[in-house]
Amino acid sequence: MKQIESLIFSSMTKTLKPYTIIPSDLYVQRDADRQIKNIINDMGRPGYVLVSRQMGKTNLLLNAKRTLETQNDVFIYVDLSNPFDDAKSCFENIIDTAIETNEERFFSVGKIIRERRKEMVETPPHKQHTNELRMLLNFIPGKLIIILDEIDALTKTQYSDLIFAQIRSIYFSRVNYKELEKLTYILSGVIEPTEIIKDPKISPFNIGQKIFLNDFSREEFHQFIKKSNLILDAEITDRIYYWTNGNPRMTWDVCSEVENEALLANLTPSKIDKIVYDIYLITFDRPPIDNIRELVKKDKEIRNSIVEIEYNKGKEISDKIKNKLYLAGIINYNDSDVQIKNEIIKLSLNSDWIRSLEEEERGLIRMAIDNFISENYLDSLNLFEKYLQDNVFNEDVQSLYYYYMGYASYRNSEFSKSIQYFNRTNFDKLDEPKLYYTVLNIKGLIYYYQGEIDESLASLKKVVESDRKDETYIRALLNYGSISLKSDKVNYRNDAFKIFEDVISEKGFNKDRLKEGFITELKAIAHYNLGQLQQINGDIGNAIANYTQAMQLCKLNIRPTIILALLPLIENKDEQYVLLNDLIDLIINDQVKPIDNDPEQPIDFNINTLRETIIISFIQFKDTLFEKIKQKLSLFGRKSLAEHLYDLAVFSINENKNYEIAIKLLEGVNLINPDETISFEVKFKVVRLLSFLTRYRHTYHEYIILFSEKRPETIEYIDVEIFATYIYNLNKEKNYKDALFYSEIINNYKNTVSADILINFLVIYNIELNIYIAQKDKNKAVSKAEEIITLANDQKNKYKPSNLLGEKSIEVIVENAEATLRSYKSISPTRAIKKYGRNDLIKVRYKDGTIIETKYKKIEAALAGGECFILS
């Protein structure tokens, strides 16, 4: 039983009860409280509490009255949520509230004011109000602070401009009436000051000092916990703050439930999670979530901004929308990046719910089409698929809609799905030729991306053979030529050469049907592809000439790809520098901006092209051009230079299979300015991958030390292979102690890995077995041999070939284990005994672990004497 419980009550009395007005002993002062105090001390201009609902603004105002009111100073609190019929009645209500709540001070002057009202029927309301305020001020020695709450309700009346214009005029009338210097206002509402006065002919209400009421800071949150008489473990308070982020109303409600929960059992973070879900995230009908969702439901601008925040574009949101989000209770007010204020609100405004609102408004098909037109292909596809869950397309539009779905899948690189949808289209070749041949062209590209070259060329050839001479035909022609380069068949490459030559000489298409700019673009691509073909054929001179011509004709967005193709053909280092520098200038001056990888624009400047440019700069001109372009690494996230180099190394391996470049990038981490701190996590990843790629002893050793220090929770295949190689080398040197020590470290992870990784532990087990045999440790050798056979039998159906285990490796390891058992336990072999001829080649292992392959007749006597045993 725990000695210290998660929660201890200093009293069994319920502390956090439902209060309309928070008691002073539970009230936590925030920065807004200090602002109000300063405004009242200064008396220079009115304060304006701008805040969303359920944030504690009324308690803020009442606490100011409770703590700042003195014998000399009078505070008047007026709730304007129930407005009067006219300005006169509203003004009189403010004065009457002052008199009625301060009878001892204002009794006599109150009688005078009420008598005079009978005589001032014709006096303008604002003039009457000023006179009455002056009379009240003359009856007190100190200040008069009028608190007007819920002023946004007042803005819905016809006379609201008169009220706010009057408040503003009070401050300017101090020149004539000195007693007005003792009067100030604190206003509060869910409305921007610029929206208070509606008539453009009246000066705006711009004299108020804004007071923003943000959530509890971490320190204020802990003050609240302490005031609530709750003594909580740090993990519990941390979990509450994780969910509420200091939102006062939510903090109160969650802690109130915690108070109840504590009477039943010890608290855990998971119980806090359940409390939060039960209160807020099941029915979504608890304040302030209910009000926030209602506001979001009604306001499309807010919905759009929430989506932008989700995509980390909070900095792009305008000040106007920021204010809307703040007044809706969705964000805190600050000038930094906009984020939804806490996890509860974030989950209650999740993207699925936002999307469902849009669907209700516009309908799934309309939304899907709109998203398609806006090139939001992923959303378009999801909406079409959602529609098809409960509906079918009308026959007259089904081919078009399946085309949309196929194209959207294609642009999202979901190629198998794209083919499925395109195959459901049924466009007529004569009635709808553009769509018919567009589908064939795109299917040709998809087959190419899937590595199905023959199918790709067959699909494209149908378009080319149509001889339509339009844009789709030309694109298919170029695609046919480009993909022919990837074929091993000579006739396809010959076709490609002719296609590119014809395009360059403007043969094979009707110039009158195509725009001049499009023709120029075609020629540039043809020159580029011709250069590719000539480079493959070793015709470097003509390849350079065509790449150069392509650069002169192409649009800027494909020039980077052409430059990267040309660079390795340039032998002069200075010329390489100039060419690469020109490319980097285009990038850092934002003349070209990388797009996401797009199958429709395969040679446009994209994210991968940028990566390749940075890699070449690092490898060839680290101290100059790399320093110039490394600023663009920020496009890949806010990471250290070491982490970026690691990511680029992984990219080189995965995309280009260029292990040599990857090694240079990883080794470059050690050359980083020593002033830049490299985190342990990044250093571990770098050394691990470097060990795997280089197999250098010193990197192995460094990796093993880091691994022993880090002790990760899980491992990957790469860890097993490095350990196996390191242990093998130690065994080879007869350093059995260290070999077994590191075997034990890695073996501790065998129960945490997947089956395809687990089978590779056989290699380490086999090394251990050979060590025990060399040490003549019979018991451990038998135990390890049995472990090998058990693992091999358990995993034999899950085996996947790897660098460690070839197709026959398991069999060899098992044979070694079985031979050990035969040797030490005198058990029958698991397979039938084979009879050998005297000249048959056999593999045997001696008791010292030595394995040789020789003729049976040469070791027949050793076998008979038990000195060695047959492996195979």
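Of note:
- Unsatisfied cross-links (Cα-Cα over 25 Å) in the set K127/K182; K434/K507; K320/K630: K320/K630
- Scaling the Cα radius of gyration of the range 513-572 by the globular reference 2.2 N^0.38 Å produces a ratio of 1.12.
- Whether the range 51-157 is rounded, prolate or oblate, judged on the alpha carbon gyration tensor where a/c under 1.5 counts as rounded: oblate
- Rounded to the nearest 20 debye, dipole of the chain from Cβ charges on Lys, Arg, Asp, Glu: 1900 debye
- Under the shape rule built on the C-alpha gyration tensor, where the axes satisfy a ≥ b ≥ c, the range 616-687 is rounded, since a/c falls short of 1.5.
- Think of a 1.4 Å ball rolled over the protein heavy atoms: the range 514-655 then has 45 Å² of accessible area per residue.
- Carbon/sulfur fraction of accessible area - the chain, other protein chains in place, 1.4 Å, %: 47 percent
- Of [x] 47.7, 165; [y] 39.5, 138; [z] 30.0, 98, the label for Rg and Dmax of the Cα atoms in Å derived from the coordinates: [y]
- Rounded to whole Hz, the Karplus (6.51, -1.76, 1.60) HN-Hα couplings of the range 744-759, x for glycine and proline: 4, 4, 6, 5, 4, 9, 4, 8, 10, 9, 6, 4, 5, 8, 4, 4
- Inter-part distance, the range 465-525 to the range 652-700, computed on C-alpha centroids, equals 43 Å.
- Relative to one another, the C-alpha centroids of the range 351-378 and the range 93-169 are positioned 53 Å apart.
- Here is the list for the range 289-385: chymotrypsin sites (Phe, Trp or Tyr not before Pro) lying in DSSP coil, each with at most 11 other C-beta atoms within 10 angstrom of its C-beta, are Y311.
- Mean ellipticity per residue at 222 nm, deg cm²/dmol - from DSSP H runs of n ≥ 4 across the chain, formula -39500 (n - 2.57): -18000 deg cm²/dmol
- Sequentially through the range 32-41, phi angles give Karplus couplings (6.51, -1.76, 1.60; θ = phi - 60°) of 4, 4, 5, 5, 4, 4, 5, 4, 5, 5 Hz, Gly and Pro residues having no value and appearing as x.
- Angle of helix 103-119 to the longest C-alpha principal axis of the chain, folded into 0 to 90 degrees and rounded to 10: 70°.
- The range 299-395, accessible area per residue, ligands and nucleic acids excluded (1.4 Å, Å²): 53 Å²
- Three-way shape label, the range 443-575, alpha-carbon gyration tensor, a/c 1.5: oblate
- The loop-placed trypsin sites (Lys or Arg not before Pro) in the range 97-203, going by DSSP, that have at most 16 neighbouring Cβ atoms within 10 Å of their Cβ come out as K156, K198, K201.
- In a DSSP loop and with at most 14 other Cβ atoms within 10 Å, the chymotrypsin sites (Phe, Trp or Tyr not before Pro) in the range 661-756 are Y696.
- Relative packing of 754-762, 226-234, which averages over residues the other C-beta atoms within 10 Å, highest first: 754-762, 226-234
- Charge dipole magnitude, Cβ of K and R +1, D and E -1 - the range 301-364, Cα centre, debye nearest 20: 180 debye
The values are calculated or read from the model by the stated rules, or taken from the named source; none is laboratory data. Since this is a predicted model, take the numbers as computed values, not measurements. Cβ coordinates were reconstructed from backbone atoms using ideal geometry, including for glycine residues, and neighbour counts include every protein chain displayed. Areas reflect the complete protein model, heavy atoms only, side chains present, ligands, DNA and RNA absent. Shrake-Rupley method; radii C 1.70, N 1.55, O 1.52, S 1.80 Å.
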